[in-house]
1. So for the chain: antiparallel DSSP bridges make up what percent, rounded to the nearest 5?
2. When only alpha-carbon atoms are used, what values of Rg and Dmax, in angstrom, describe the stretch 199-240?
3. Given the DSSP H assignment, sum -39500 (n - 2.57) over each helix run of at least 4 residues in the chain and divide by its residue total; what's the result at 222 nm in deg cm²/dmol, nearest 500?
4. Within the stretch 262-302, name every residue whose backbone N is under 11 Å away from a label modeled 7 Å from Cα of A157 along the Cβ vector.
5. Percent of Cα-Cα pairs per 5 Å bin, from 0 to the last occupied bin, for the stretch 248-289, please list those.
6. Which number do you get for Rg(Cα) / (2.2 N^0.38 Å) in the stretch 259-337?
7. When averaged across all projection directions, what area in nm² does the alpha-carbon convex hull of the stretch 177-347 cover?
8. Quick one: Cα centre-to-centre distance for the stretch 256-326 and the stretch 152-169, in angstrom?
Amino acid sequence: MSPGGGRVALVCDWFLPRMGGVELHLRDLALALRRDGLDARIVTTTRGPDQVDGVPVHRVPASLFPIGGFAWSPRALAAVGRTLQEERFDVVHAHASVVSPVAYAGALAGARAGLPSLITFHSMLHRSAMLLGASEALLGWSRDRIVLSAVSSVVAAQAAHWMAGASVGVLPNGIDVAFWRQQRHDPPDGEVVVVTAMRLSRKKRALELVRAFADASRFVAGAPPLRLVIAGDGPDRAAVRRLAAELGIGERVTLAGQLSREALRALYATSHVFVLPSERESFGIAALEARAAGLPVVAMLASGARDFIRQGENGLLARDSAELSRFIARLALDASFRRYIAHRNAATAPPYDWADVVAQHRQLYGAAASLGTAGRRSSQP
């Protein structure tokens with residue numbers, strides 16, 4: 001791939017119009033790469049239009065892929081390979097979780113066609129990472145010179161643990177830092193507003209957040225009064241509302257629903273603390289956006305958020321649900337500490353702006369190209 005331009009295939013199992021964190025990230029990544037002069041395009045099996053927000057989308061027939069983890073058919077691998085060849089891609093960048101047949105097929109097809117190929121893991125792998133090691137042994141990603149990366153140091157360590165001898169780098173998600181810092185963070189005194197942005201689901205631990213908030217509210221005993229605002233929606237919405245009522249905090253919990261980025265930024269400007277309760281958060285982009293907006297962040301130590309939240313500097317990292325509750329109460333009671341972190345976050349931009357993240361992508365694309373060149377040379381008689 002030339003230093004200036006080149007055509008990049010972002011291969012994924014799921015994409016817009018299906019809504020989710022990875023889908024939105026891939027849209028934003030494609031746009032950022034295109035602004036930097038790369039012809040980034042999506043290759044996926046998700047049905048939908050052939051262009052999303054100006055990004056071309058190549059949709060491979062989903063019927064070619066059998067149901068189940070790693071057992072895709074030769075027809076599916078060939079179909080992805082044909083798309084890569086017909087569209088004359090220069091780089092193949094697959095985006096995967098553990099069970100991602102389309103992404104894995106794309107990376108393999110690209111490598112076997114002699115294209116620089118990469119896989120980035122977007123999900124926590126510890127509960128089923130044994131399958132990852134089995135797939136490496138079966139498919140030989142290292143043998144095919146596929147560059148491996150993950151969105152956080154936590155996921156990179158999990159992937160490396162299950163693939164003997166594999167080197168897994170960190171290729172983080174990105175945000176528009178300037179966008180989140182445009183609105184002044186100046187919440188009013190009095191009621192302390194705790195906010196989160198998350199899918200209301202079991203994996204994201206929405207109910208655990210409500211319990212932790214209830215415990216924190218009892219601990220501070222109304223001095224100051226606390227309010228929890230939850231931005232987002234999902235299957236646990238009714239359960240969240242019901243649990244809040246059962247715990248006697250129904251009037252203190254606001255379910256704001258799915259918000260636009262502009263509305264979310266405005267909400268952060270009048271809030272005091274951001275909380276992300278998920279332990280299986282591979283990166284935690286919502287927490288990063290909140291930090292960029294100037295909010296103190298409470299997140300889980302086990303999550304990928306620990307890459308950009310330093311204990312006592314950008315926020316607090318909890319080891320368990322009990323500590324999550326204590327940290328919410330601490331930031332509510334200790335206004336000086338809360339303001340110190342807020343000032344620090346407002347004054348110091350996190351190093352995850354799209355300009356920096358695109359530069360990291362370009363570096364890794366160059367490394368994949370060099371690795372492929374070296375491999376072809378070593379295989380020559």
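1. On the way: 3 of 50 bridges.
DSSP beta bridges in the chain are roughly 5 percent antiparallel.
2. For the stretch 199-240, the Cα radius of gyration and maximum Cα-Cα distance read 11.4, 33 Å.
3. On the way: 13 runs with 159 residues, N = 381.
Helix contribution divided over all residues of the chain: -13000 deg cm²/dmol.
4. Answer for this model: 302.
5. For the stretch 248-289, the binned pair fractions read 5, 15, 23, 28, 19, 8, 1 percent.
6. Details: Rg = 11.9 Å, N = 79, 2.2 N^0.38 = 11.6 Å.
So the Cα radius of gyration is 1.03 times the expected 2.2 N^0.38 Å.
7. Numbers: hull surface 33.6 nm².
The number I arrive at for the stretch 177-347 is 8.4 nm².
8. 25 Å
Just so you know, all these numbers are worked out from the coordinates, no wet-lab data involved. Since the structure is predicted, the reported quantities are computational estimates derived from the model, not experimental observations. Neighbour counts run over all protein chains shown; Cβ positions are idealised from the backbone, glycine included.
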